[in-house]
Amino acid sequence: MPRVILPDSLVRLFPGAERNLQIEADTVGATLSRLNDRWPGMWDRLIDGYPSIRKHIVIFVNGERANLDTGVVETDEVYVMPAMSGG
């Protein structure tokens, strides 16, 4: 099962959510859907109505930027990160 790493800012919003966990899924979208199954409302924090990843969120699979259709396998690491901005 892919390992998922969530930011503290997201974990704090969902009581019982874990920062590091394993989710059985074959795409990033399925991974996020399964997170939402465990913690309802998480999908809406990460995904907009199109659906696509919200612009203030960045998801990486093994260090490469990913989208909802990006495939994941058992040995992958999926990082959910708030996007950085400023100037």
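Every read-out reported here was derived from the displayed coordinates using simple, explicitly stated rules and does not represent laboratory data. Just so you know, these numbers come straight off a predicted model, no measurement behind them. Cβ sites come from the backbone with ideal geometry, for glycine too, and all protein chains shown count toward neighbours.
Quick notes on this one:
- Of residues in segment 56-74 being free of Cβ contacts under 8 Å to residues at least 40 places away in the same chain and loosely packed, with under 15 Cβ neighbours inside 10 Å, the one nearest to A30 (Cα to Cα): N67
- Counting the residues of segment 54-87 that are in a loop (DSSP other than H, G, I, E, B), closer than 17 Å to N36 by Cα and among the hydrophobic types (A, V, I, L, M, F, W, C) gives 1.
- Single residue of segment 1-10 satisfying the filter (over 11 Å from the mean Cα position of the chain (by Cα) and surrounded by 12 or more Cβ atoms within 10 Å (Cβ to Cβ)) that is nearest to I59 (Cα to Cα): P2
- Enumeration of residues in segment 1-29 that are touching a residue at least 12 places away in the same chain (Cβ under 8 Å), in contact with a Lys or Arg (Cβ under 6 Å, 6 or more places away or on another chain) and not in a loop (DSSP other than H, G, I, E, B): Q22
- Tally of residues being charged (D, E, K, R), surrounded by fewer than 17 Cβ atoms within 10 Å (Cβ to Cβ) and either outside any helix (DSSP H, G or I) or touching a residue at least 12 places away in the same chain (Cβ under 8 Å) (or both) across segment 32-53: 2
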